[in-house]
Each structure stands twice: as C-alpha cells, then as structure tokens.
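The values are calculated or read from the model by the stated rules, or taken from the named source; none is laboratory data. Since we're looking at a predicted model, the values are computed, not measured. Heads up, the Cβs are rebuilt from the backbone with ideal geometry, glycines too, and the neighbour counts pull from every protein chain shown.
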Amino acid sequence: MSIVIQTTAKQLTTIAQHYSSNTTIPAGAVFRYKGTGVMVTGYKSGKVMFQGQNEGIESQKWASATSNTSTTKTTANARKTPTKVTANLPANLANLGVLGSDEVGTGSYFGPLTVVAVYVAPEHIATLQRLGIADSKTLTDANITTLAEKLISMLPYHIVNIMPPAYNQYNQTLNANEIKAHGHNRALGAVLAKMAPEKPAAILIDQFTPANTYWRYLSKLDYVVKENVYFATKAEQLHVAVAAASIIARYVELKAMQELSAQAHCELPVGAGKNVDKIAAKLILQGIDLSQYAKLHFANTEKAHRLAKK
C-alpha cells in the first residue's frame, strides 16, 4: 500500500529539500528518501509517494500544506483511487446525533499522540456551529483553548493522551497506525459507556487508514466498537462532532507540550522539520533521554544523533 499526494513545483522543491536522497532514485523521480518505517519518492510530475508502516504519519505532514492535494491509496497492481470515503454514510449525517473521533500529534516528533471522542446530540449542533467549531488546524491556540473549555463543559467526551514514554513502549509491538486505532477504539468505547443507554445515530472516525486495516488492527482486542461505525477523510467537514474532537485533542496536546517544554528547559517545537532535529540533538548533548519527550521511531531520532556527533 502507498499514499500519494499531488504537489505544485514549489511544494515539490520544499519537500525535496526536507528529504535528502539517500538511496537509488528511480526513473522519473527527483528524489527518494528511505527512513525508519517509510520511503518517500518525489516525481517530476509533482506526485510524492509515501510507502511503509509510517506512510500515514509522513504524508500528513505535507497533505494539509499542499494545494489541490489528491491523496490516494494504491497497490502494486491496482489503479489509484481516492482515499476519501463518503460513500454509504447516513443520509443527513450533519444533522444527526454523532459520536466523532479524531487525533492529533501523529506528525509531530515531540509530544503525545492524543485521541479524543466527542458526542454531539442533534440539539447541540446549532450551538456548536454558532461557536465556530471547525478543524483545529484552522484555529489559533487562543481560540482552541477558549473553545475546548466550552466543549468540555457541555459534551460527553473522552481523551486518550499517549505521552512519549507510553507511546514508545506501545511502538515496540504496534506500528503507528495500530496505536492510533487502539486509541480511537478506547476513546469511543469510553464515551459510549458514559452515554448508555443512549446510543449515537452514527460513529464517525476521521480516517487515517483503510477500514479493513483498522478492523484488523483491533482484531485481537476483547472489546471493539463496531456498531454504526463510519470512516471518512476530512470528517471534521462532515459533522461538528469530529471538529469538536479535534479541538479538544489539540487543546490537550498544547498543554502537554507546555509541560514537556518546562521539563526539558527549552521550547519543544511541533512538527518534524530540521528545527526539531537541532533541538533533539541539543537534548542528547545534555544527556537527556529523548524517549521521555519524543516518538523515537521518527527519522528525526537518527538525524539528531548524527548532529550530536558533529
């Protein structure tokens, strides 16, 4: 499987500068980078392909920043098809009582992976719309804090905040998307328990992996939330419950990053760019254990160690 995004010439140049070629470049490509759990190939056509168990994490770093982005899943012998799943969703979904879930932190080296599930009843939809509930990526930190505190006071929700030490422990046996799947299932199950005996008309997960893969990741768990579950990319645009989940998740992540920065005695940046490598190298030189602050499977770990040796 792979994920492909379409970029402009300028965006391709930016991505190529981020990923220095370190392996054989195939015909028609301008760069190919092989890192921990992922291989990234940029083509002259503007397409950038992400492959490997961490393909979702890497592609998400760039998908939101690219214009006219087309994210696709492919197999070796199949035509590319859009990953956006909106087929078979309930009619009039935006006006139904929905339990939505979303996560943040998957593309950031430092900090937690935070998964949140929120239930929004039909009678609360208009109120949330008036508040300006939207995808957390479109809001300022100040707006996120204000909105999140209002949402927490009025809606059933559950937070699964996986800090780096726990994340790295899970990552010894689970890949990044498996960790996310377990987080979503746990958060959804907790909200359903709080709501009981009431049930949502639908459960909507912001899609990060194909549905059949998601179910496979959960196949060994004793309890799996399965009833009326739907998947869609950009799900925050389909129902305010997912947008609300993204805001609370970002709020929790912001607070966690502040706490980690205080512990590290320096401001830990979000993302996974070159500035992150420099900060991580600085921590290494100070004798600080990165596993307490960062998701170690990212390629940034290797880059930071190389910088620290210079």
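Structure notes:
Per-residue answers, yes or no, for (1) touching a Ser or Thr at 6+ places or on another chain (Cβ under 7 Å); (2) surrounded by 20 or more Cβ atoms within 10 Å (Cβ to Cβ):
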{"residue": "236", "(1), (2)": "yes, yes"}
{"residue": "239", "(1), (2)": "no, yes"}
{"residue": "243", "(1), (2)": "no, yes"}
{"residue": "264", "(1), (2)": "no, no"}
{"residue": "267", "(1), (2)": "yes, no"}
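- Residue in region 128-137 that is nearest to the chain's Cα centre (by Cα), counting only those that are assigned to a helix (DSSP H, G or I) and surrounded by fewer than 14 Cβ atoms within 10 Å (Cβ to Cβ): 137
- Single residue of region 110-127 satisfying the filter (of a type outside the set (Gly, Ala, Ser) and not in a strand (DSSP E or B)) that is farthest from the chain's Cα centre (by Cα): 123
- Some residue of region 4-14 being in a helix (DSSP H, G or I), of a type outside the set (Val, Ile, Thr) and surrounded by 16 or more Cβ atoms within 10 Å (Cβ to Cβ): yes
- Qualifying residue in region 171-186 (condition: over 15 Å from residue 113 (Cβ atoms), aliphatic (A, V, I, L, M) and out of contact with any Lys or Arg (no Cβ under 6 Å at 6 or more places or on another chain)): no
- Region 89-105 residues that are part of a loop (DSSP other than H, G, I, E, B), paired with ones that are of a type in the set (S, T, N, Q) (beta carbon under 7 Å, 6 or more apart): 105/114
- Of the criteria (1) more than 27 Å from residue 301 (Cβ to Cβ); (2) at pLDDT 95 or above; (3) assigned to a helix (DSSP H, G or I); (4) hydrophobic (A, V, I, L, M, F, W, C), which one residue 166 fails: (1)
- For region 84-123, taking the residues that are touching a helix residue (DSSP H, G or I) at 6+ places or on another chain (Cβ under 6 Å) and aromatic (Phe, Trp, Tyr), the one that is nearest to residue 249 (Cα to Cα) is identified as 119.
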